[in-house]
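Asks: Can you keep this structure in mind? I'll have questions shortly.
The values are calculated or read from the model by the stated rules, or taken from the named source; none is laboratory data. If you're wondering where the values come from, they're calculated on a predicted model, not measured in any experiment. Cβ coordinates were reconstructed from backbone atoms using ideal geometry, including for glycine residues, and neighbour counts include every protein chain displayed.
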Amino acid sequence: MYYVKWRGVKFYLRANFYDWKVSVDASNSLLDDVDFEGLFKDRPIMSACCEGFDKDWVFGTRSKDRRRFTVELVDKFDVWCFFRKVKRAADEADKIFRETRTVYERYVLETREMEKRPEFVEWIEQQTEQLKRDLEGKQERK
C-alpha cells in the first residue's frame with residue numbers, strides 16, 4: 001500500500017499479483033482536464049477489491065467525479081503512464097501560471113513607468129477635477 005500527497009492531490013495505490021488499484025482525491029482542478037486515453041476502464045471498483053484501502057479511500061468512477069475516483073490499472077507500466085499524465089498536467093498548469101504571472105508583472109512595470117510620466121500625472125489630475133465637477137453638478141441638481 002502506498003500513499004502519496006502531491007500538489008493538493010492524494011493518491012492511494014496498492015498492487016497485488018493481478019493488478020493495481022489507484023484512488024485519487026484532489027482538492028483542486030489539476031486533473032480535471034487530463035485525458036487518460038483509455039488507460040483504464042471507467043467502471044466502479046468494489047471496495048472489497050481494494051485490499052488495504054480504508055473504505056473512505058474508495059471512490060466512484062472518474063466520469064462521475066473528476067476529482068475523486070478509483071481506477072484499476074493493469075501493470076507497473078500503466079501506473080507509470082498514469083503518473084506521467086498527471087505530471088504533464090501539473091507542468092502545463094505551471095506553464096500557464098508562469099505566463100500569467102509574467103504578463104501581470106509586465107503590466108505592473110509598465111503602469112509604474114507610465115505613472116512617472118508628467119503627461120500621465122497631468123491627465124490623472126484633469127480626470128480627477130472633471131469627476132469632482134460632475135459630482136458637484138449632480139449634488140446641485142438634487
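Asks: Looking at 136, 105, which is the one that is under 30 Å from residue 27 (Cβ atoms), assigned to a helix (DSSP H, G or I), without any contact (Cβ under 8 Å) to a residue 40 or more places away in the chain and outside the structural domain of residue 11 (by TED's automatic domain parsing)? Give the steps one after another, and end with the answer.
Replies: Working: 136 fails: under 30 Å from residue 27 (Cβ atoms).
So the residue among 136, 105 that is under 30 Å from residue 27 (Cβ atoms), assigned to a helix (DSSP H, G or I), without any contact (Cβ under 8 Å) to a residue 40 or more places away in the chain and outside the structural domain of residue 11 (by TED's automatic domain parsing) is 105.
Asks: If I ask for residues that are out of contact with any strand residue (DSSP E or B) (no Cβ under 6 Å at 6 or more places or on another chain), within 18 Å of residue 83 (Cβ to Cβ), in a loop (DSSP other than H, G, I, E, B) and among the aromatic types (Phe, Trp, Tyr), which ones from region 5-52 would you list?
Replies: Once the filter is applied, which keeps residues that are out of contact with any strand residue (DSSP E or B) (no Cβ under 6 Å at 6 or more places or on another chain), within 18 Å of residue 83 (Cβ to Cβ), in a loop (DSSP other than H, G, I, E, B) and among the aromatic types (Phe, Trp, Tyr), region 5-52 yields only 36.
Asks: Scanning for something within 19 Å of the chain's Cα centre (by Cα) and closer than 28 Å to residue 3 by Cβ, does region 97-107 turn up at least one residue?
Replies: Scanning region 97-107, I find at least one residue that is within 19 Å of the chain's Cα centre (by Cα) and closer than 28 Å to residue 3 by Cβ, so the answer is yes.
Asks: Still on this structure, please answer the following. Restricting attention to region 69-80, does a residue exist that is in contact with a strand residue (DSSP E or B) (Cβ under 6 Å, 6 or more places away or on another chain), closer than 18 Å to residue 40 by Cα, assigned by TED's automatic domain parsing to the domain that holds residue 39 and in a helix (DSSP H, G or I)?
Replies: yes
Asks: Another question about this same structure. Looking at 111, 100, 128, 70 in this structure, which one is touching a Lys or Arg at 6+ places or on another chain (Cβ under 8 Å) and on the phi < 0 side of the Ramachandran plot? Outline the logic, then answer.
Replies: Details: 111 fails: touching a Lys or Arg at 6+ places or on another chain (Cβ under 8 Å); 100 fails: touching a Lys or Arg at 6+ places or on another chain (Cβ under 8 Å); 128 fails: touching a Lys or Arg at 6+ places or on another chain (Cβ under 8 Å).
None of the other options fit; the residue is 70.
Asks: How many residues, within region 18-42, are touching a Leu at 6+ places or on another chain (Cβ under 9 Å) and either exposed (fewer than 11 other Cβ atoms within 10 Å of the Cβ) or within 30 Å of residue 97 (Cβ to Cβ) (or both)? If you could, list the steps in order and put the result at the bottom.
Replies: First, pick out the residues of region 18-42 that are touching a Leu at 6+ places or on another chain (Cβ under 9 Å): 19-24, 39-40.
From the residues that got through so far, the ones that are either exposed (fewer than 11 other Cβ atoms within 10 Å of the Cβ) or within 30 Å of residue 97 (Cβ to Cβ) (or both) too are 22-24, 39-40.
So the answer is 5.
Asks: If residue 45 satisfies all but one of (1) out of contact with any Lys or Arg (no Cβ under 6 Å at 6 or more places or on another chain); (2) closer than 30 Å to residue 96 by Cα; (3) not charged (D, E, K, R), what's the number of the condition it fails?
Replies: Unmet for residue 45, out of (1) out of contact with any Lys or Arg (no Cβ under 6 Å at 6 or more places or on another chain); (2) closer than 30 Å to residue 96 by Cα; (3) not charged (D, E, K, R): (2).
Asks: Here is a further query. Within region 56-99, how many residues turn out to be polar (S, T, N, Q) and either closer than 13 Å to residue 30 by Cα or surrounded by fewer than 12 Cβ atoms within 10 Å (Cβ to Cβ) (or both)? Let's see the steps before the verdict.
Replies: Just the residues of region 56-99 that are polar (S, T, N, Q), to begin with: 61, 63, 70.
If we keep only those that are either closer than 13 Å to residue 30 by Cα or surrounded by fewer than 12 Cβ atoms within 10 Å (Cβ to Cβ) (or both) too, we end up with 63.
Looking only at that region, the number is 1.
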